[in-house]
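In what follows, a single structure is set out as structure tokens and then discussed.
The values are calculated or read from the model by the stated rules, or taken from the named source; none is laboratory data. Computed from a prediction, not measured in an experiment: that's the story for all the values here. Cβ placement follows ideal geometry from the backbone for every residue including glycine, while neighbour counts extend to all protein chains displayed. Calculation scope for accessible area: heavy atoms of the full protein, side chains included, ligands and nucleic acids excluded. Shrake-Rupley method; radii C 1.70, N 1.55, O 1.52, S 1.80 Å.
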Amino acid sequence: MRLTVIGSVAFDSVETPFGKKDDVLGGSATYASVAASFFSPVNLISVVGTDFPGRYRTMFNKRNVDTSGLEDKKGKTFRWRARYHYDLSYAETLSTHLNVFEGFRPKIPKNVNSKDNLLLANIDPELQDWIFEKIRPKGLVACDTMNLWIEHKRKALLKLLKKVDLFLLNDAEARQLTGHTNLLDAAKYISSHGAKMTVIKKGEHGALFFSKGLKFMVPAYLLEKLLDPTGAGDTFAGGMTGYLSSVRKITDSALRKALVYGSILASFTVEKFSVKGLLKVELKDVEDRYRHFEKLTKF
Ligand code: AMP
């Protein structure tokens, strides 16, 4: 099955304790669609400015990511500047420039089908909702978010939860959104607002999954070297939904595997700046880590 991904395509300027990069390719939809494309074909819906190099579009197309929904608009591409300190689980946002995203309401490409699965990667929840209403998806609907939207668009986000099958956010965001310190309580709050399944990402500590019938926890893959955590969450969301788009039926076993694939793909992302870590691997490398992950966690 195809997966439609909507979210940001961005230029990121990032500083971590291990280095600094300016204006490198980033964005929630970038990481998510590249990660998902390991398992299923992707339709990307987003917008870029006139400063966006054609070679990035070529990169997407080479990786089974259809960019007919990636609009070119006069102006500048979305820009995000952030800094990480030694606690790499927390990004300090220094600036966010929505640029061409300001008021953006995309055209839906012809090849996007309401039967496809949909990933509403991190972006303004009002835009996520707008896309949902345009597509009226019948497949799986997943949604990711971040602290900025919880702070400024909380009402829109809570309203959106009713339409969402799988909601992903990190532990700090779960606490911020729900007012609960205990993550089980936070997951219950999210489920009471309509999301059928919740994933709470915990950075280097892995992720938790909650649904009515299944509770599951997955560690992060053990890495020797980590350069930049940017995009780990989006990669996780893309890897997970990409894998779920490749199976015939979403069973508990498929959900468990999807979480492991999300975790493994994120481990490649954090090894390098931008999408470099993801772009250097093939499915075979992902499967190798999957097998090693099994060994590391079996008891
Ligand atoms: P994460 O997976 O949480 O590390 O996400 C990092 C990515 O999110 C970066 O590549 C940013 O370009 C993107 N991003 C940051 N802020 C926003 C925002 N407000 N809306 C959409 N995308 C964002």
| note | Of LYS257, LYS249, LYS225, the only residue that is basic (Lys, Arg), assigned to a helix (DSSP H, G or I) and more than 14 Å from the chain's Cα centre (by Cα) is LYS257
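When you check GLY213 against the structure, is it in contact with a helix residue (DSSP H, G or I) (Cβ under 9 Å, 6 or more places away or on another chain) and at pLDDT below 95, yes or no?
yes
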| query | How many residues does segment 79-137 hold that are part of a strand (DSSP E or B), closer than 20 Å to ASN170 by Cβ and either acidic (Asp, Glu) or more than 12 Å from the ligand (Cβ to nearest atom) (or both)? | reply | 3
| message | Tally up the residues in segment 241-266 that are surrounded by fewer than 22 Cβ atoms within 10 Å (Cβ to Cβ) and among the small types (Gly, Ala, Ser), please. | response | 3
| query | Do we have any residue at all in segment 27-49 that's more than 19 Å from the chain's Cα centre (by Cα) and open to solvent by 70 Å² or more (accessible area, probe 1.4 Å)? | reply | no
| Looking at segment 50-60, which of the residues that are in contact with a strand residue (DSSP E or B) (Cβ under 6 Å, 6 or more places away or on another chain) and open to solvent by 20 Å² or more (accessible area, probe 1.4 Å) is farthest from ASP228 (Cα to Cα)? | ARG57
| field | Odd one out for THR96, checked against (1) touching a Ser or Thr at 6+ places or on another chain (Cβ under 9 Å); (2) more than 15 Å from PHE52 (Cα to Cα) | value | (1)
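Conditions (1) open to solvent by 30 Å² or more (accessible area, probe 1.4 Å); (2) touching a His at 6+ places or on another chain (Cβ under 8 Å), marked per residue:
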residue	(1), (2)
LYS62	yes, no
LYS74	yes, no
PHE78	no, yes
ARG83	yes, no
ASP87	yes, no
THR96	yes, no
PHE104	no, no
